[in-house]
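Q: The structure follows.
The values are calculated or read from the model by the stated rules, or taken from the named source; none is laboratory data. All of these numbers come straight from a predicted model, not from anything done at the bench. Because the Cβ atoms are built from the backbone with ideal geometry, glycine has one as well, and the counts that use them run over all protein chains shown. Quick note on the areas: whole protein, heavy atoms, side chains included, nothing else; ligands and nucleic acids left out. Shrake-Rupley method; radii C 1.70, N 1.55, O 1.52, S 1.80 Å.
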Amino acid sequence: MEKQKLLEFLACPVCQAPLTEFSACAACGEAFSEDDGTPNFMPSRGTRTVSFSYTPQRSTVDDATLRSFFKFPPRHGEDKALPFRMDAAFGDLIETLPQGSTMLEIGCGGGQVRQWTEDKGLQYVGTDISKIRIPELLQAHGGPDLLSDAHFLAFRDERFDVVYASAVMEHLACPALAVQ
């Protein structure tokens with residue numbers, strides 16, 4: 001995504017105030033940098049908290065509910081026409097989005113999903129924690145649009161129509177926090 005257009009999506013990862021520039025948050029003063037032209041929103045401070053209630057009844061689910069969650073989609077598995085690591089079920093869901101929809105990819109690696117998504121008429125924003133912790137083959141796809149920790153995402157609420165993450169949750173310190 002064009003760098004200037006990104007500003008309408010961005011929020012400070014520390015205080016969640018909308019960002020009006022790439023270098024700092026006007027509300028809390030958190031400073032940001034760039035990594036070879038890529039905005040870096042890895043915060044130097046901040047705290048996130050996860051809490052949820054869990055009851056014994058939550059562990060018991062009726063059969064109808066189980067069947068609604070544990071079923072294979074019409075298509076699943078590897079599809080050679082899809083980007084690296086994208087399951088056919090995800091591809092089918094993304095293809096149902098109306099043109100102009102926005103998609104955030106968390107843990108985008110080299111950004112290999114970008115071109116496929118944009119060819120579908122969708123706006124794509126990819127974020128990852130690093131530009132270099134990916135295989136050299138995947139670095140050829142342009143990399144992330146911005147650097148951001150999945151636990152401290154630098155986005156305003158409700159700016160994306162879909163959030164896509166594949167093969168990333170198992171690498172996070174607290175997946176529940178990232179999902180929230």
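Q: Under 18 Å between alpha carbons, and skipping anything fewer than 8 positions from Lys5 in its own chain: which aspartates and glutamates qualify?
A: Counting by Cα, and skipping residues close in sequence, Lys5 has these aspartates and glutamates nearby: Glu21, Glu34, Glu105, Glu118, Asp145, Asp157, Glu158, Asp161.
Q: Going by accessible area, probe 1.4 Å, with all protein chains left in place, what is the ranking of Cys28, Cys12, largest first? Please report the intermediate quantities before stating the final value.
A: Working: Cys28 45, Cys12 0 Å².
The ordering from most to least exposed comes out as Cys28, Cys12.
Q: Something else about it: Under the rule that a partner needs its Cβ under 4.7 Å from the first Cβ, which Cys of the chain have none?
A: Cys108, Cys174
Q: If you plug each phi of region 32-45 into the Karplus form 6.51 cos²θ - 1.76 cosθ + 1.60 with θ = phi - 60°, what whole-Hz ³J(HN,Hα) values come out, in order, with x for Gly and Pro?
A: 10, 10, 10, 10, 6, x, 9, x, 10, 10, 6, x, 8, 8
Q: Express the carbon and sulfur contribution to the solvent-accessible surface of region 41-173 as a percent, rounded to the nearest whole number, probe 1.4 angstrom.
A: Details: 4520 of 8480 Å².
In region 41-173, the share of accessible area belonging to carbon and sulfur is 53 percent.
Q: Still on this model: So with the 1.4 Å probe, I'd like the accessible area per residue for region 27-180, rounded to whole Å². Walk me through the numbers before you get to the answer.
A: Details: 9610 Å² over 154 residues.
In whole numbers, region 27-180 has 62 Å² accessible per residue.
Q: Still on this structure: Quick check for you: which residues of region 21-51 have the amide N under 15 Å from the point 7 Å beyond the Cα of Ala173 toward its beta carbon?
A: Counting backbone N atoms under 15 Å from the label point, the list is 42-50.
Q: For region 76-92, just list the computed ³J(HN,Hα) in residue order, Karplus coefficients 6.51, -1.76 and 1.60, θ = phi - 60°, integers in Hz, with x standing in for Gly and Pro.
A: The phi angles translate into 7, x, 6, 10, 4, 7, 9, x, 3, 6, 8, 6, 4, 5, 5, x, 4 Hz.
Q: Top to bottom by accessible area (1.4 Å), largest first, where do His171, His76 land? All intermediate terms of the calculation are to be shown ahead of the outcome.
A: On the way: His171 140, His76 95 Å².
Ranked list, largest accessible area first: His171, His76.
Q: Further question on the same structure: Can you give the helix-only mean residue ellipticity at 222 nm for the chain, where every DSSP H stretch with n ≥ 4 adds -39500 (n - 2.57) and the sum goes over all residues, rounded to the nearest 500 deg cm²/dmol? List each step's numbers first, then the result.
A: On the way: 6 runs with 34 residues, N = 180.
Roughly -4000 deg cm²/dmol at 222 nm, from the helical runs in the chain.
Q: Can you pull the accessible area of Ser33 for me, 1.4 Å probe, Å² to the nearest 10?
A: So the heavy atoms of Ser33 present about 60 Å² to solvent.
Q: Further question on the same structure: Quick one: 3J(HN,Hα) in Hz for region 106-117, Karplus 6.51/-1.76/1.60 with θ = phi - 60°, rounded, Gly and Pro as x.
A: 8, x, 6, x, x, x, 5, 8, 3, 4, 4, 5
Q: Same structure again: How much of the DSSP beta bridge set in region 1-134 is antiparallel, as a percent to the nearest 5? Mind dumping the intermediate values first?
A: Working: 5 of 10 bridges.
Counting only bridges with both partners in region 1-134, antiparallel ones make up about 50 percent.
Q: Just to make sure I understand: if all protein chains stay in place, what is the order of Arg156, Arg67 by accessible area at 1.4 Å, largest first? Walk me through the numbers before you get to the answer.
A: Numbers: Arg156 60, Arg67 150 Å².
Order by accessible area, largest first: Arg67, Arg156.
Q: Return the long-range amide H neighbours of Leu10 (sequence gap of 5 or more, or a different chain), with a cut-off of under 5 Å between placed amide H atoms.
A: HN-HN under 5 Å from Leu10: Leu19, Arg156.
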